[in-house]
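*Asks:* Quick one: structure below, then a few questions.
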Amino acid sequence: MAHDPITNSILTLLRQRDPQIADLIAAEGKRQATTIELIASENHVSAAVMHAMGTCLTNKYAEGYPGARYYGGCVHHDAIETIARERACAMFNCKFANVQPHSGAQANQAAMMAMMEPGDTFASLVLKDGGHLSHGMKINFSGRFFKPVHYPLHYDKAHPEFERIDYDAMRKVCLEARPKMLLCGYSAYPRIIDFAKFRAIADECGALLMADVAHIAGLIVAGQHLSPFPHAHIVTTTTHKTLRGPRGGLILSNDEEIAKKIDKAVFPGAQGGPLMHIIAAKAVAFGECLRPEFKTYGEQVIRNAKALAAALASRHYRCTTGGTDNHLMLVDLRARDANLTGADAEKWLEGAGIVSNKNGIPDDPRPPRVTSGIRLGTPAVTTRNFREDHMATIAAWIDRVLAAGLAGETALASESERVRNEVAALCAQFPLPA
Ligand code: DSN
């Protein structure tokens, strides 16, 4: 049986009907239950969210929006989508929400298609500096159909804001390129985003401000990060990271004209039938986010991240920008040992039951499949009720495994086994949500 109780209950029936898939799901449930999840973009949903996804709502086509569908039989779907929208607006204190995007990338696609014509220019942070695939990579729709210009970080080691956004340089880039949209919000940036500063620059250069808060959305809702409202014209996010909902996207705004354009860009512009079972699960997760205990969760996510960054620093790892203000850190492994790579660290740590992802650091000389860094985040371990003292333990495990990996295969094999057992013993004390 999987150790994950929610998955266990679902599997009872599935095991009779399709044992092959049931066994694989059980194995994944066990993996999640017995390992430490440090991927900054992942989390563990509640039983209520998980159950809402596995319902009869998946059977229904509901193209359109509440009260204006292209199919009959949508009465309950209208009510569910309306609740999801209302809760989304309540979470972010804004007026309009589109809860239909299937993912964050599709939310970004719809937002860009709503406000720009093909060939238009937008400004963003490039992926290798912490941005996102859908913020202008050439191989993505955003780089193929629009023209990205990128603003920099401070790359000068002597600068007090080293590796943080260079707001003055960003202003210059925007004044020169006159982008139609200015994007902020990142996948691997450990510091506070000053949305008011972005808005001032957007206004100065005549751009709309779009904030992709996929990573920090839950921190915003918990009151632990500045809000993008009232500064951003459009806010996009995923719903499965710090928001702790089902995999999906969400677009928010305060302007009725913009909201109408976004609705059209999502459907019929980018998508067909909405995933109503996922929208129901979004509504359930948003309901959870609106409870007082979510504020406590957000506070603890940040406390844990700061504790993990400090514990790693004490072991001679360098977190970019010198630490973190949010849920994630980008660890430059070269400070610990010049031969350490992100690819090796990811693999070695996974062997010891600690799951992370290799990640380029700003100005990384190594290619994306190798990298000099790993990205670590605390949303999932905090859901599991790990606290600051556990972060110190995790940092010690990370160092033991990486030191053993550098020492060679034999040392790695025995240390990995020891750490894996210690990790599993700790995980057993902190079961996944039930
Ligand atoms: N792929 C996500 C992440 O890991 O940050 C961003 O969408």
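*Asks:* Which FRET efficiency value, to the nearest 0.05, is calculated for CYS56 and HIS159 with the Förster distance at 41 angstrom and r the Cβ-Cβ distance?
*Replies:* Taking R0 as 41 Å, the efficiency between CYS56 and HIS159 is 0.15.
*Asks:* So if R0 is 22 Å, what FRET efficiency would ALA428 and THR296 give, r being the distance between their Cβ atoms, rounded to the nearest 0.05?
*Replies:* 0.35
*Asks:* Which whole-angstrom value gives the distance between the alpha carbon centres of the stretch 80-134 and the stretch 418-434?
*Replies:* 36
*Asks:* If you wrap a convex hull around the C-alpha atoms of the stretch 212-318 and split its volume per residue, what is the figure in Å³?
*Replies:* Considering the Cα atoms of the stretch 212-318, their hull volume per residue is 125 Å³.
*Asks:* I would also like to ask the following. Answer rounded, prolate or oblate for the stretch 1-133, using the Cα gyration tensor with square roots of eigenvalues a ≥ b ≥ c: rounded when a/c is under 1.5, else prolate when a/b is larger than b/c, else oblate.
*Replies:* Judged from the Cα gyration tensor, the stretch 1-133 comes out oblate (a/c at least 1.5, b/c at or above a/b).
*Asks:* Pairs LYS295/LYS347; LYS282/LYS347; LYS138/LYS261; LYS241/LYS306; LYS264/LYS358: which are spaced more than 28 Å apart, C-alpha to C-alpha?
*Replies:* Correct reply: LYS295/LYS347; LYS282/LYS347; LYS264/LYS358.
*Asks:* Here's something else I'd like to know. If you build a Gaussian network model of the chain, linking Cα atoms that sit under 10 Å apart, which residue out of HIS240, HIS277, HIS327 swings the most?
*Replies:* Comparing HIS240, HIS277, HIS327 in a Gaussian network model of the chain, the most mobile one is HIS277.
*Asks:* Can I ask one more? Does anything in the stretch 293-324 have its amide N under 12 Å from the 7 Å Cα→Cβ label point of ALA335, and if so which residues?
*Replies:* Residues 309-324 fall inside that zone.
*Asks:* Still on this model: Listing MET91, MET53 from the residue with the fewest other Cβ atoms within 10 Å to the one with the most, what is the order?
*Replies:* MET53, MET91
*Asks:* Just from its helices, what would the mean residue ellipticity at 222 nm be for the chain, if runs of 4 or more DSSP H residues each count -39500 (n - 2.57) and the sum is divided by every residue, rounded to the nearest 500 deg cm²/dmol? If you can, show how the numbers build up before the last one.
*Replies:* Working: 16 runs with 198 residues, N = 434.
Calculated at 222 nm, the ellipticity per residue is -14500 deg cm²/dmol.
*Asks:* I need the shape label for the stretch 304-434. Rule: rounded when a/c is under 1.5, else prolate if a/b > b/c, else oblate, with a, b, c from the alpha carbon gyration tensor.
*Replies:* Values: a/c = 1.79, a/b = 1.17, b/c = 1.53.
It comes out oblate by the Cα gyration axes.
*Asks:* Looking only at Cβ-Cβ distances, which cysteines of the chain have no other cysteine closer than 4.7 Å?
*Replies:* CYS56, CYS74, CYS89, CYS94, CYS184, CYS289, CYS319, CYS427 - these cysteines have no disulfide-compatible partner (Cβ-Cβ under 4.7 Å) in the chain.
*Asks:* For VAL370 paired with ALA411, estimate the spin-label separation in nm (one decimal), with each label point 7 Å from Cα along the Cα-to-Cβ line.
*Replies:* Spacing of the two 7 Å Cα→Cβ label points: 2.2 nm.
*Asks:* Could you list which residues have their amide H under 5 Å from that of LEU250, counting only those 5 or more apart in sequence or on another chain, with H placed in the peptide plane?
*Replies:* Amide H neighbours of LEU250, under 5 Å, 5+ apart: THR237.
*Asks:* Hull surface divided by four, with the convex hull built on the Cα atoms of the stretch 6-61: how many nm²?
*Replies:* Across all orientations, the stretch 6-61 yields a mean hull projection of 5.1 nm².
*Asks:* Right, next: Per residue, what volume in Å³ does the Cα convex hull of the stretch 96-220 take up?
*Replies:* Dividing the Cα hull volume of the stretch 96-220 by its residue count gives 112 Å³.
*Asks:* Using 7 Å Cα-to-Cβ label points, what is the ARG418/THR82 separation (nm, one decimal)?
*Replies:* The two pseudo-label positions are separated by 6.2 nm.
*Asks:* Pick from ALA343, ALA40, ALA380 the residue whose mean-square fluctuation is largest in a GNM of the chain, springs joining Cα atoms under 10 Å.
*Replies:* Checking each option, the largest mean-square fluctuation is seen for ALA343.
*Asks:* What is the distance, in nm, between label points placed 7 Å from the Cα along the Cα-to-Cβ direction at GLU63 and at ASN93?
*Replies:* Output for this residue pair reads 3.9 nm.
*Asks:* Next question, about the same structure. Over the Cα atoms of the chain, compute the convex hull volume and normalise it per residue, giving Å³. Don't jump to the answer; show the numbers that get you there.
*Replies:* Working: hull volume 60.9 nm³, N = 434.
About 140 Å³ per residue, rounded to a whole number.
*Asks:* Quick one: what are the phi-derived ³J(HN,Hα) couplings along the stretch 41-57, Karplus 6.51/-1.76/1.60 with θ = phi - 60°, whole Hz, x for glycine and proline?
*Replies:* With the stated coefficients, the stretch 41-57 comes to 9, 10, 7, 10, 7, 6, 4, 5, 5, 4, 5, 4, 5, x, 10, 5, 4 Hz.
*Asks:* Please state the shape class of the stretch 57-108: rounded when a/c is under 1.5, otherwise prolate if a/b exceeds b/c and oblate if not, all from the C-alpha gyration tensor.
*Replies:* oblate
Every read-out reported here was derived from the displayed coordinates using simple, explicitly stated rules and does not represent laboratory data. Note that the structure is a prediction, hence the values are computed from the model and not measured. Positions of Cβ are backbone-derived with ideal geometry, glycine not excepted, and every protein chain shown enters the neighbour counts.
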